[in-house]
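The values are calculated or read from the model by the stated rules, or taken from the named source; none is laboratory data. This is a predicted model, so every value here is computed, not measured. As a convention, Cβ positions derive from the backbone with ideal geometry for all residues, glycine included, and neighbour counts pool all protein chains shown. Side chains included, ligands, DNA and RNA excluded: accessible areas come from the protein's heavy atoms. Shrake-Rupley method; radii C 1.70, N 1.55, O 1.52, S 1.80 Å.
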Amino acid sequence: MSETNAAAMDATNQGQQPPKLAASHEKPWLKTYEKHGLNYNIELPGDDVTLINIFEKNFEKYGNEDAFVCMGAKTTFRELDIYSRQVAAYLQGLGLRKGDNVAVMMPNILQYPVCMIGILRAGLTLVNVNPLYTSHELEHQLQDSQAKALFIIENFAKTYQDIGKPLVEHVIVCSMGDLMGSVKGFIVNSVVKYVKKMIPAWHIAGHVTFKQVLQKSSASQYQRPTDITADDIAVLQYTGGTTGVAKGAMLTHKNLVANLYQCLEYIRTMFKPEEARGEYLVVALPLYHIFSFTACALLGMNMGFIGLLIPNPRDFKTFVKELGKYQPIFFPAVNTLFNGLAHDPGFRALDHSKLRLSLGGGMSVLPSTASEWERITNTTIVEGYGLSETSPVATLNPPAAEFSGKIGIPMPLTDIKLVDDNGNEVAQGERGEIAIKGPQVMKGYWLRPEATTETMTADGYFKSGDIAIMDENGFFKIVDRKKDMILVSGFNVYPNEIEEVLAAHPKVLEVGVIGIPDDRSGEVPKAYVVRKDSTLSEKELLDYARKELTGYKRPRHIKFVEELPKSNVGKILRKEIRKLEEQEQASN
């Protein structure tokens, strides 16, 4: 019997009524909207408004103001307009038409927004590709997406070459310094290639360079497409593959424009009009990831921020130097990045007085991370929640004085219900799978109608696979991924809860918890821990857990490691921790 069913039975036996199931039309978050002066029923643009319209308005409004900066080199909105029209004209000249997909495989450099906007302005579909993919992973995504062209940075050109066969008709290879001016660009390219030796030898027959694309195409050759509607697919956003083979979420222009407008409703409570204009926004999360794509690229440009592009956020020394130089006011990140910076001496010594908004997403922000971040920067991390399938923002916290550990309330025009394994809505306060309905929910999975059907309810809600609870004010709190739940002697144990407790220990830097087989209990929790202090012992941490957690939730085993496996946006991957556990068991 589940804990929640047992609690309801106990309440009935004691003469109390079990919690009343919330009717599907009830939206307890509406009173929270009213309290914070937010509008739930916002007005969205009509079906004639696409991302192309949004970009054009940005260019017209901000003109010669800076749009992005990378390694000291800047691109203005006017230059972004011209370069993206050149890229669009080039793609149109190749004969690519509406419905064709174009992949982009590069880190956060000046060419990314140019290519991204150029592809969309040409009326084509953007396929975001992780530049750290292996050849096998790249092959899957290019074949699955049926991409006709690929923009790739030369650092990873060998990855494409190693596939061993041409998968796309047109390959455009970029160099790091292509848009940094002739002198600076030459220096940057030389350092990357000859000093840091970051470019393995490669050969791709028939490729062209990004510079050749700009040389061959004039912005005046660009033909604005007349057949693109809001219902057309703008982006194929591939899921991380943590629950199986990576699938392409079909995000339409309407999905992304809607999520932009939903985010703008929240952001207006944090920045007055024109306060963002000319200020710096940290773009450390990779733009190929949907959180960064929407929060940093779409939202950032719309508000006139200057995007501070960080090609390699793992290089803390360079990253911190950039933060000190530009003093950003808006900082979107994931828990791992917040935590790493909060423990970096260089970052701690910076002047954080300009920082106004720290936005957490992609994974749960741990209370210990939020507390340390606030102590150093004097800003509360505002946590949100979303998925590739929801463009991505589904919930967000209104500005608050204190970090709550909750993912917030549904975005405007968004309905969320928590359902059990049979699709029935659970009682308020009980755990259930998050199911989301709203204008930002994807059209479906590319070429996978059966997968789309499996994840959608009969009444049109997307089932996220994440387990949460909702309080009386409509705030949701993630308790875990559905598949990560540990069953200990019939009790449901959620790794996130254990991780939060262990991460609060002053000698713990990071922690990931999985379930392992146990003869007596079926499963027991095991914690993989990165120490902040080398004196931390297994006994000390287990004693700490004994004080903080009830018996069946306590980890039975601790494994100290140098680092935890993470995705390229810093999410700790329990799937990979399980592989480490399997290897350890095989060697014993």
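Worth pointing out:
- The range 471-507, residues that are among the hydrophobic types (A, V, I, L, M, F, W, C) and under 25 Å from the mean Cα position of the chain (by Cα): Phe475, Phe476, Ile478, Val479, Met485, Ile498, Val501, Leu502, Ala503, Ala504
- The residue that is nearest to Arg574 (Cα to Cα), among those in the range 527-542 that are of a type outside the set (A, V, I, L, M, F, W, C) and under 27 Å from the mean Cα position of the chain (by Cα), is Tyr528.
- Residue list for the range 117-172, restricted to those being touching an Asp or Glu at 6+ places or on another chain (Cβ under 8 Å), in a loop (DSSP other than H, G, I, E, B) and of a type in the set (Gly, Ala, Ser): Gly123
- Residues (crowded, with 17+ Cβ neighbours inside 10 Å and part of a strand (DSSP E or B)) located in the range 555-584: Ile558, Ile572
- All positions within the range 504-542 that are more than 17 Å from Glu581 (Cβ to Cβ) and buried (at least 19 other Cβ atoms within 10 Å of the Cβ): His505, Val508, Leu536, Leu541
- Residues located in the range 438-451, provided they are at pLDDT 95 or above, surrounded by fewer than 21 Cβ atoms within 10 Å (Cβ to Cβ) and touching a Phe, Trp or Tyr at 6+ places or on another chain (Cβ under 6 Å): none
- In the range 47-61 there is at least one residue that is out of contact with any Asp or Glu (no Cβ under 7 Å at 6 or more places or on another chain), modelled with pLDDT of 95 or more, open to solvent by less than 10 Å² (accessible area, probe 1.4 Å) and farther than 17 Å from Cys263 by Cα.
- Selection over the range 185-219 of residues that are more than 22 Å from Val69 (Cα to Cα) and in contact with a Phe, Trp or Tyr (Cβ under 6 Å, 6 or more places away or on another chain) gives a count of 1.
- Any chance Phe347 is in contact with a Lys or Arg (Cβ under 7 Å, 6 or more places away or on another chain) and at pLDDT 95 or above: no
- Single match in Tyr112, Tyr133 (criterion: surrounded by fewer than 24 Cβ atoms within 10 Å (Cβ to Cβ) and either touching a helix residue (DSSP H, G or I) at 6+ places or on another chain (Cβ under 6 Å) or of a type in the set (Phe, Trp, Tyr) (or both)): Tyr133
Table: residues versus (1) open to solvent by 10 Å² or more (accessible area, probe 1.4 Å); (2) under 27 Å from Thr269 (Cα atoms); (3) touching a residue at least 12 places away in the same chain (Cβ under 8 Å).
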residue: Asn312; (1), (2), (3): yes, no, yes
residue: Val320; (1), (2), (3): yes, no, yes
residue: Phe330; (1), (2), (3): no, yes, yes
residue: Val334; (1), (2), (3): no, yes, yes
residue: Gly340; (1), (2), (3): yes, no, yes
residue: Pro345; (1), (2), (3): yes, no, no
residue: Asp351; (1), (2), (3): yes, yes, yes
residue: Gly361; (1), (2), (3): no, yes, yes
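- Test for Gly93: is it touching a Pro at 6+ places or on another chain (Cβ under 6 Å), among the small types (Gly, Ala, Ser) and either open to solvent by less than 10 Å² (accessible area, probe 1.4 Å) or touching a residue at least 12 places away in the same chain (Cβ under 8 Å) (or both): no
- Only residues that are out of contact with any Leu (no Cβ under 7 Å at 6 or more places or on another chain) and part of a loop (DSSP other than H, G, I, E, B) were counted in the range 505-554, giving 12.
- The number of residues in the range 180-223 being part of a loop (DSSP other than H, G, I, E, B) and open to solvent by less than 20 Å² (accessible area, probe 1.4 Å) comes to 3.
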